[in-house]
Amino acid sequence: MIKKLLIANRGEIALRIMASAKELGIKTVIVYSEADKNSMPVQLADEAYCIGPASPSDSYLNIPAIMTAAELSGADAIHPGYGFLSENARFAEIVEASGLVFIGPSPKHIQLMGNKQEARKTMESLGVPILPGSNGVIKRIGDARRTAEKIGYPIILKAVAGGGGRGMRIINTPVELEENFTTAQREAYMAFGSPDLYIEKYIERAHHVEVQVIGDGKKAISIGDRECSMQRRHQKIVEEAPSPFISEETRQRMLDVVEKAATSLKLRSLVTFEFLVDQKENFYFIEANTRIQVEHPVTELVTWVDLIKEQILIASGGKMTTKKENLRRIGHAIEARINAEDPQTFSPSPGKIHFLFFPGGNGIRVDTAVFQGYEIPPYYDSMIAKIIAYGRTRREALRKLEVALKHTSIVGVKTNLPLLLKLFESPEFLSGNYTTRFLEEEFVW
Ligand code: ADP
């Protein structure tokens, strides 16, 4: 069993991991940047080690500094959270080579899924539907033209190594392809260190639905689905479990196909398979994330599975406590991400929180690391809290979430709360049939 866990992350996810570790009687070690010295994770961990200046490349991405802290503290395992080093196969390898436990999938699987084109090919070979597109990396404009003609416009150009909603371009015409191809390669190189692109058919009115998997390296189980179509800049902002759009039959087919593929791959720990679903409920794999997701609480609330605890237990002893026969999905959960950002322009709004109040109550969960007087640093993600509502029905969860958001008060920085509240006046949101384009292109407020 793991005795001491180093958490290589910050903010709400660091606290979420810490809570499960402490519940299991595991000592916790946090690493932090100079900008985070007064943070809640630093105050609540059993031990804390400063690993460098504010900039992520000097601290939360600084592998030698993190490994030194692991050695000094005597930690026997590392949890990478999400973002930062969580999907860095090299980091996972280094952790394992140092004799520590990496809490996540094997480096081999992280590597495979980190290359979106390889992931596409593998999934196709395992019987998971993928979107029509290029069969490999597209290096030359001539190949791009031919592929685009074959599958038909619109298409989407994607960076093989892309992530976080970046490195994608929607292309509607051959002229746009000519204009964008080289720039997209250059941008991919600048942002992800690889200029490699691939092409996919662009689905115009798509839903983003994903499937959460847990595996122990032998067997994998599909835990449940999540609807994540409420997005801005290809980034999720509201998530629900289960998806209100797809039918029970589609859901079951998705869960089954993913479970089969994940079991053949012998996946370990948590993996999320993301799909686009068209208006006819055809679903197509787009990518897999080999880490805990921001939106994991909605799945936890409808299944009662503690996903982080499962991750730790699997990493400790290799056994899953979740059994397929006992798995139930009951009720409905919705998460709203509170971002410190200008709700009109979506640009970050760091600064000091002068007054703060989060509500509680029946069916309300708040995952956050901010407090009154806290200064939100400008160097990291703008998400400062997640408010999650759980109800017996979607309607009940929606009402609870609306009240909770109305009772939330954050003074000192701009947040997207006004935008989130306005969503409750939108028939599309209330109906559950909103696509990935809704928030940015159709929603007027
Ligand atoms: P990232 O890894 O950067 O999050 P994803 O491949 O998961 O990128 O895509 C993020 C979002 O971009 C999707 O949820 C969807 O809104 C949009 N998207 C990606 N691929 C397509 C596509 N082929 N057609 C339509 N929308 C897409």
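Couple of notes before you dig in:
- When the GluC sites (Glu not before Pro) in region 187-277 are filtered for DSSP coil states and for at most 14 other beta-carbon atoms within 10 Å of their beta-carbon, the remaining sites are 204.
- Full extension of the chain between residue 264 and residue 411 yields a length gain of 47.9 nm, computed as 0.36 nm times the residue separation minus the alpha carbon distance.
- Cα gyration tensor, the chain - rounded (a/c under 1.5), prolate or oblate: rounded
- 222 nm mean residue ellipticity, helices alone, for the chain (DSSP H n ≥ 4; -39,500 (n - 2.57); rounded to 500): -10000 deg cm²/dmol
- Loop-located trypsin sites (Lys or Arg not before Pro) across region 312-376 with a Cβ neighbour count of 15 or fewer within 10 Å are 319, 323, 328, with loop assigned by DSSP.
- Note on the chain: GNM, Cα springs under 10 Å; of 292, 155, 30, the largest mean-square fluctuation is that of 155.
- 1.4 Å probe accessible area per residue over the chain, in Å²: 41 Å²
- Taking a straight line from the alpha carbon of residue 323, these aspartates and glutamates sit under 12 Å away, with near neighbours fewer than eight places off in the same chain left out: 216, 310.
- Charge dipole of the chain about the Cα centre (unit charges at C-beta), most positive-ward option of 277, 358, 168: 277
- A straight line joining the Cα centroids of region 246-272 and region 169-239 runs 19 Å.
- Under the convention that each Lys and Arg Cβ holds +1 and each Asp and Glu Cβ holds -1, the size of the dipole of region 111-216 around its Cα centre is about 180 debye.
- A Förster distance of 51 Å, applied to the separation of the beta-carbon atoms of residue 330 and residue 178, puts the FRET efficiency at 0.45.
- Coil-residue GluC sites (Glu not before Pro) of region 375-445, DSSP, other Cβ within 10 Å capped at 13: 425
- Between 378, 107, 41, the residue with the greatest mean-square fluctuation in the GNM of the chain (Cα pairs under 10 Å linked by springs) is 378.
- Length gained on full extension, residue 424 to residue 124: 104.1 nm, using 0.36 nm per residue less the C-alpha separation.
- Accessible area of residue 168 in the full protein assembly, 1.4 Å probe (Å², nearest 10): 60 Å²
- Pairs from 116/324; 260/386; 4/386; 158/260; 27/266; 236/422 whose Cα-Cα separation, in the structure shown, is over 24 Å: 116/324; 260/386; 4/386; 158/260; 27/266
- Under a model in which nothing but the beta-carbon of Lys, Arg (+1) and Asp, Glu (-1) is charged, the chain shows a dipole of about 680 debye around its Cα centre.
- Computed about its Cα centre, the charge dipole of region 207-442 is approximately 700 debye, with only Lys, Arg, Asp and Glu carrying charge at their Cβ.
The values are calculated or read from the model by the stated rules, or taken from the named source; none is laboratory data. This structure is a prediction, so every number in the text was calculated from the model and none was measured. Counting neighbours? That spans all protein chains shown, and the Cβs are built from the backbone with ideal geometry, glycine included. Calculation scope for accessible area: heavy atoms of the full protein, side chains included, ligands and nucleic acids excluded. Shrake-Rupley method; radii C 1.70, N 1.55, O 1.52, S 1.80 Å.
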